[in-house]
Amino acid sequence: QVQLGESGGGVVQAGGYLKLSCAAAGRTVSQDAVGWFRQAPGKERELVATISWTGGTTDDADSVKGRFTISRDNAKNTVYLQMNSVKPEDTALYSCTSRRARYTSRLTYEYDYWGQGTQVTVAS
């Protein structure tokens, strides 16, 4: 079993930045692909970014390309999401997830473990 714990959310002004962290416990996720998804009120959960087990491959949603960067530190069993130039439409609950496979996926049902999420609110 893997427990995922997100942190770093909060309220930020449009155009600002925020860095989210996802710490894994229970076992290493160094062999797992990890992703960030988000869900805004009244909307479907959507992919933000995913990263392969080595960090060599990432896949970002078009809406965040060039603004958000996913990265990982396997020695710390932690994955990060650097969010720059945030917009009000980035407001959502951001959840970290991992899958027992090495390569990225955009499909929520292919992920095995989910964190509780951290709220990000972008003020205009």
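The values are calculated or read from the model by the stated rules, or taken from the named source; none is laboratory data. A quick note: this is a predicted structure, and the numbers were derived from the prediction, not measured. Quick reminder, even Gly has a Cβ in these numbers, built from the backbone with ideal geometry, and neighbours come from all protein chains shown. Heavy atoms of the whole protein, side chains included, go into the accessibility calculation; ligands, DNA and RNA do not. Shrake-Rupley method; radii C 1.70, N 1.55, O 1.52, S 1.80 Å.
Points to keep in mind about this one:
Let's see how each residue does on (1) outside any strand (DSSP E or B); (2) under 22 Å from residue 107 (Cβ atoms); (3) out of contact with any helix residue (DSSP H, G or I) (no Cβ under 8 Å at 6 or more places or on another chain):
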position: 12; (1), (2), (3): no, no, yes
position: 16; (1), (2), (3): yes, no, yes
position: 21; (1), (2), (3): no, no, yes
position: 24; (1), (2), (3): no, yes, yes
position: 49; (1), (2), (3): no, yes, yes
position: 62; (1), (2), (3): yes, yes, yes
position: 93; (1), (2), (3): no, yes, yes
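- Across the stretch 113-121, a minimum of one residue is classified as under 28 Å from residue 13 (Cβ atoms), assigned to a strand (DSSP E or B) and either basic (Lys, Arg) or open to solvent by less than 40 Å² (accessible area, probe 1.4 Å) (or both).
- Selection status of residue 69, in a strand (DSSP E or B), in contact (Cβ under 8 Å) with a residue 40 or more places away in the chain and either among the hydrophobic types (A, V, I, L, M, F, W, C) or surrounded by 13 or more Cβ atoms within 10 Å (Cβ to Cβ) (or both): no
- Some residue of the stretch 100-112 being in a strand (DSSP E or B), within 14 Å of the chain's Cα centre (by Cα) and surrounded by 15 or more Cβ atoms within 10 Å (Cβ to Cβ): no
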